[in-house]
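None of the figures in this text is laboratory data; all of them are computed from the coordinates on show. Small disclaimer: the values here were computed from a predicted structure and weren't measured. Quick reminder, even Gly has a Cβ in these numbers, built from the backbone with ideal geometry, and neighbours come from all protein chains shown.
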Amino acid sequence: AQTVTQSQPEMSVQEAETVTLSCTYDTSESDYYLFWYKQPPSRQMILVIRQEAYKQQNATENRFSVNFQKAAKSFSLKISDSQLGDAAMYFCAYTGANSKLTFGKGITLSVRP
Amino acid sequence: DAGVTQSPTHLIKTRGQQVTLRCSPKSGHDTVSWYQQALGQGPQFIFQYYEEEERQRGNFPDRFSGHQFPNYSSELNVNALLLGDSALYLCASSLEGAGLHVLTFGAGSRLTVL
């Protein structure tokens, strides 16, 4: 079975600074996708960034980028130029051939003005 | 373009009762998945529906059942409610094929069991 581990329950960052959220996963599959989702107090899960395992290049979306280390099964999210609106729960998630998402426990990110 | 719509947004039930939650997928999507998110936890996969059939299921008891209608909307039913069923229930839709891994989530239905 696949597992996703987010070991940091909370992080805090100063506005305009950079923060990195950690995630590790375990799988025996060779073809899979990894995701970071943001869940603000409004509860709606919003896709931040997606990485296909077969792509060596790290995904980027504006201020968000990932460091995908396939051999180490590590998938961290870097948020640059942090904004107050980035404050939320962030979930790392995995999906393989069966298309069901396996989520980590999440991390609460707070942004200090 | 309407996203995923879920109803009701909040509801309170007592132990032993039954509940039905509803989901309308994003326009153009044909696959619906349901997730349970306990407070302070990540969502857990309940089941997925495609072409009105349950295609795969997570580790949930038979008290949890679902349905998908010809218009792709879906219902989640939970019978004999337990206190532990209190959670946020999220519906997510996607498009079979190349878009299957790109999920759009609704805002969820918050169920409280007393």
- Task: Report the extension gain between A:Ser80 and A:Asn98 in nm, rounded to one decimal, defined as 0.36 nm multiplied by the number of residues separating them, less their alpha carbon distance.
- Result: 3.2 nm
- Taking the Cβ-Cβ separation of A:Gln8 and B:Thr9 as r and a Förster radius of 25 Å, what is the calculated FRET efficiency to the nearest 0.05? 0.25
- Message: Stokes-Einstein diffusion coefficient for the protein assembly as shown at 4 °C in a medium of 1.567 mPa s, Rh from the Kirkwood formula over Cα pairs: what value in µm²/s?
- Response: 71
- Item | Backbone HN-Hα couplings from phi across the range A:42-48 [Karplus 6.51/-1.76/1.60, Hz, Gly and Pro as x] | 5, 6, 6, 6, 10, 6, 8
- Item | Relative contact order, percent, the range A:1-84 [alpha-carbon distance under 8 Å, six or more residues apart] | 33
- Item | Residue order, fewest to most surrounding Cβ atoms within 10 angstrom, among B:Asp30, A:Asp26 | A:Asp26, B:Asp30
- Task: Using DSSP to define loop residues, name the trypsin sites (Lys or Arg not before Pro) in the range B:19-114 whose beta-carbon has at most 14 other beta-carbon atoms within 10 Å.
- Result: B:Arg63
- Cα centroids of the range A:11-39 and the range A:44-113: how far apart, whole angstrom? 3
- Rounded to 0.05, the calculated FRET efficiency for the beta carbons of B:Arg63 and A:Ile46 at R₀ = 30 Å is 0.50
- Query: List the GluC sites (Glu not before Pro) in the range B:16-114 that DSSP assigns to loop (not H, G, I, E or B) and whose Cβ has at most 14 other Cβ atoms within 10 Å. Which are they?
  - Reply: B:Glu51, B:Glu52, B:Glu96
